[in-house]
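Shown next, in structure tokens, is the structure this report addresses.
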Amino acid sequence: MGKYVVRRLLQMVLVLFGASIILFLALFVIPGDPIATSQGEGHQLDKASHDAIARRYHLDQPLPQQYVGYVGRLLKGDLGESYSYRRPVTTIIREKIGNTAKLAVAAIVLEIALGIIAGIIAAVFRYSFLDVLVTLSTTVAIGVPTFVIGLALQNVFAVNLHWLPLQGQQAGRESIILPAITLAAVNIALVARLMRGAMSEVLRADYIRTAYAKGLSKRVVIMKHALRNSIIPVLTYLGISFGALLGGALITETVFNWNGIGLALVGAIQQQDNPIVLGVVTYGVAVFVVVNLIVDISYAFLDPRIRLE
Amino acid sequence: MTEPLLSVEDLRVHFHTDAGVVKAVDGVSWSVAPGETLGIVGESGSGKSVSALAVMGLVPVPPARYESGRILFKGRDLIAADEKERRAIRGKEISMIFQDPLTALNPVFRVGHQIAEVIQAHEKIGRIPARAKAVELLGEVGIPNPRQRAREYPHQFSGGMRQRAMIAMALALDPLVLLADEPTTALDVTVQAQIMDLLIRLQADRGTAIVLITHDLGLVAGHADRVLVMYAGKVAELGTIDDVYYRPRHPYTLGLLNSLARMDQRRTDRLRPIIGQPPSLIRVPPGCAFHPRCPFATDVCRRDVPALEPKDGPDHLAACHHADQVELQQSPAAS
């Protein structure tokens, strides 16, 4: 087990390395001059200032040299300096990651709670009214784009009902409700469907019949014997969906003006603030890999047949 | 025969499916006395398991429906009993073991825990004493090193070991009745014999009534007191092993015996299979369900359902219009 974790962490270094090459190249094939863009519209830089800025951000060097320098600083934990903020990217990420993490955690809690409960209910009461309701609502949640869901929620609960704040974080705890629902919507639906499928299959298994034959109550049979077996595919999905969650945060944070790294990333992409883009995405890849490692380790606890080697 | 402990009377369990009504159990009666072993034999799809599952209350309703009948256990009708009452009986007074021990145990829980669970479900007992009892039971069913084995998972057990664990689970609370649905079918032959010996030994110790459901006539001959032969959801023949095996009064039983290689008789001719296929339980032939495959069939068989009536003696019942003509080609005396 310890060996397994170490090997996976070493693999993570390789993944990050690969991701950094791809990202680095991708950002530099985008046409345009980041230095000019960072000055905002209508400002013209003279040649000397332009060259000075280029030197400061190593943009005067050939691409391979820039990359080597970047990786070297990355290994020291330095993600470089933002063109537009003129501050270290790590500081900017540190300032904003908390807000995004709050949103992501709230979304995952919703996914687990609502998705799994809806899936269990749909599977246990298959073909009932509740099951049909779950199927219909999940179809809507999957089919409608995230930003439309966000705008619709804002319209209903903020603009018309005045129950919840429209956007931002000034209203305190309540302000997280709508963005969290928006961010989680698609995944709640997908988790519910996965859970329904897995649970329906497990409920037909022989060991479920054995559990009933022992005289256990329906509640124990479903919440212990069936749940433990049907949660594994859902867990896998939750791990994979974590990447999508970071992508979703981009849209959700924009719609709700949520001051997280998603919003920072959108701004950085528009201004060609490449150090921020590179830093945030590298950070995202690292988090994704760690989350999936945790998911893989938790398999071994849920299903004793899985041995980590 | 002593007073029956469990009796199924005129049970009809029909499954209402999109394709039609499946008459899985269609007017079946049987009973079992303390310490007795009743064998229920029949082909796949003859409805032999469904009456046992009905006793357990494990037939899914819907699609199934109880059209008629009673299941009497200690003077109570289980079909009329509520779920709470039935749950108190399941696993404690009547328990069941299943065909495939590979899939009948939950893969994610330790074997010892799964045994302790049935004890805790029915008795006020702490976790630790329940675990100790589980270890004891594993030892009793012949699992070496039970303390360590109790901490293992089903996939670490061999097929025979798993069935032993299932038996330990089923007999944990000394039930009065054990329903064994094809308990040895998934196991290889030497393990089959060990499992049956174990069941018989435990039965002798505890006076458990066993209902042995199988398609294996040999298994029933070796271990049951009486045998019930089922065909297309109905009882074809019921009697003691000697009655049914040596003086069958139903052509289906005769066909089964003729298609069987027997070690206790010299065979001079080839085994004779029963021609044709068992009917779909959705479209059971009119009259006697066996008539399309029966060498004795006449017009009356195509028209009237034969009643289950005593033949030879009061305890030997057969449902055949031509029971008198049915004769085992080789009587034991002739060999």
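The values are calculated or read from the model by the stated rules, or taken from the named source; none is laboratory data. Worth saying up front: this structure is predicted, and the values here are computed from it rather than measured. Glycine also receives a Cβ, built like all others from the backbone with ideal geometry; neighbour counts cover every protein chain displayed. Remember, those area values only see protein heavy atoms, side chains included, never the ligands or the DNA or RNA. Shrake-Rupley method; radii C 1.70, N 1.55, O 1.52, S 1.80 Å.
Just to verify a result, which residue in segment B:295-311, among those that are part of a loop (DSSP other than H, G, I, E, B) and at pLDDT 80 or above, is surrounded by the most Cβ atoms within 10 Å (Cβ to Cβ)?
The qualifying residue surrounded by the most Cβ atoms within 10 Å (Cβ to Cβ) is B:PRO306.
Out of the residues in segment B:91-117 meeting the condition of being over 17 Å from B:ARG162 (Cα atoms) and open to solvent by 10 Å² or more (accessible area, probe 1.4 Å), tell me which one is farthest from the other protein chains (Cβ to nearest Cβ).
B:GLU93
Check B:HIS113 against each of (1) under 18 Å from A:MET223 (Cα atoms); (2) in contact (Cβ under 8 Å) with a residue 60 or more places away in the chain and name the one condition it does not meet.
(2)
Give the residues of segment A:1-25 that are modelled with pLDDT of 75 or more, aliphatic (A, V, I, L, M) and open to solvent by 50 Å² or more (accessible area, probe 1.4 Å), sorted by residue number.
Scanning segment A:1-25 gives A:VAL6, A:LEU9, A:LEU10, A:VAL13, A:LEU14, A:VAL15, A:ILE21, A:ILE22, A:LEU25.
Select from segment A:211-254 the residues that are β-branched (Val, Ile, Thr) and within 14 Å of chain B (Cβ to nearest Cβ) and write down the one among them that is surrounded by the most Cβ atoms within 10 Å (Cβ to Cβ).
Among them, the one singled out is A:ILE231.
Quick one: in segment B:144-160, of everything that is open to solvent by less than 60 Å² (accessible area, probe 1.4 Å) and in contact (Cβ under 8 Å) with a residue 24 or more places away in the chain, which residue is farthest from the other protein chains (Cβ to nearest Cβ)?
Out of the qualifying residues, it is B:GLY160.
Being open to solvent by 20 Å² or more (accessible area, probe 1.4 Å) and small (Gly, Ala, Ser), is that true of even one residue in segment A:202-210?
yes
Kindly indicate which of A:ASN292, A:ASN257 is part of a loop (DSSP other than H, G, I, E, B) and more than 14 Å from every other protein chain (Cβ to nearest Cβ).
A:ASN257
Quick check on this structure: which one of A:ILE222, A:ILE231, A:ILE251 is part of a helix (DSSP H, G or I) and either free of Cβ contacts under 8 Å to residues at least 12 places away in the same chain or within 30 Å of A:ARG87 (Cβ to Cβ) (or both)?
Of the residues listed, the single one that is part of a helix (DSSP H, G or I) and either free of Cβ contacts under 8 Å to residues at least 12 places away in the same chain or within 30 Å of A:ARG87 (Cβ to Cβ) (or both) is A:ILE251.
Based on this model, can you work out whether B:SER46 counts as of a type in the set (S, T, N, Q) and crowded, with 17+ Cβ neighbours inside 10 Å?
Yes, satisfied.
Pairs under 9 Å by beta carbon, first residue outside the structural domain of A:VAL148 (by TED's automatic domain parsing) and under 15 Å from A:LEU103 (Cα atoms) in segment A:164-190, partner modelled with pLDDT under 90 and open to solvent by less than 50 Å² (accessible area, probe 1.4 Å), six or more apart or different chains?
Listed by first residue and then by second, the contacts come to nothing, as the list is empty.
For (1) touching a Cys at 6+ places or on another chain (Cβ under 8 Å); (2) of a type in the set (A, V, I, L, M, F, W, C); (3) at pLDDT below 85, each residue gets a yes or a no:
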| site | (1), (2), (3) |
| --- | --- |
| B:SER44 | no, no, yes |
| B:ALA54 | no, yes, no |
| B:PRO63 | no, no, yes |
| B:ASP77 | no, no, no |
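Tell me, which residue of segment B:1-14 that is modelled with pLDDT of 85 or more and open to solvent by 40 Å² or more (accessible area, probe 1.4 Å) is farthest from B:GLY313 (Cα to Cα)?
Checking each candidate, the answer is B:ARG12.
Can you spot a residue in segment A:155-167 that is open to solvent by 10 Å² or more (accessible area, probe 1.4 Å) and in contact with a Lys or Arg (Cβ under 7 Å, 6 or more places away or on another chain)?
No, the conditions are met nowhere in segment A:155-167.
Could you list, in sequence order, all residues of segment B:179-209 that are under 11 Å from the mean Cα position of the chain (by Cα) and open to solvent by less than 10 Å² (accessible area, probe 1.4 Å)?
Within segment B:179-209, B:LEU179, B:ALA180, B:PRO183 qualify.
Can you name every residue in segment B:126-143 that is away from chain A (no Cβ under 14 Å) and either open to solvent by less than 20 Å² (accessible area, probe 1.4 Å) or over 29 Å from the mean Cα position of the chain (by Cα) (or both)?
Correct list: B:GLY126, B:ARG127, B:ILE128, B:PRO129, B:ARG131, B:ALA132, B:LEU138, B:VAL141, B:ILE143.
Would you mind telling me which numbered condition in (1) surrounded by fewer than 17 Cβ atoms within 10 Å (Cβ to Cβ); (2) farther than 25 Å from B:TYR252 by Cα B:ALA33 fails?
Going through (1) surrounded by fewer than 17 Cβ atoms within 10 Å (Cβ to Cβ); (2) farther than 25 Å from B:TYR252 by Cα one by one, B:ALA33 breaks only (1).
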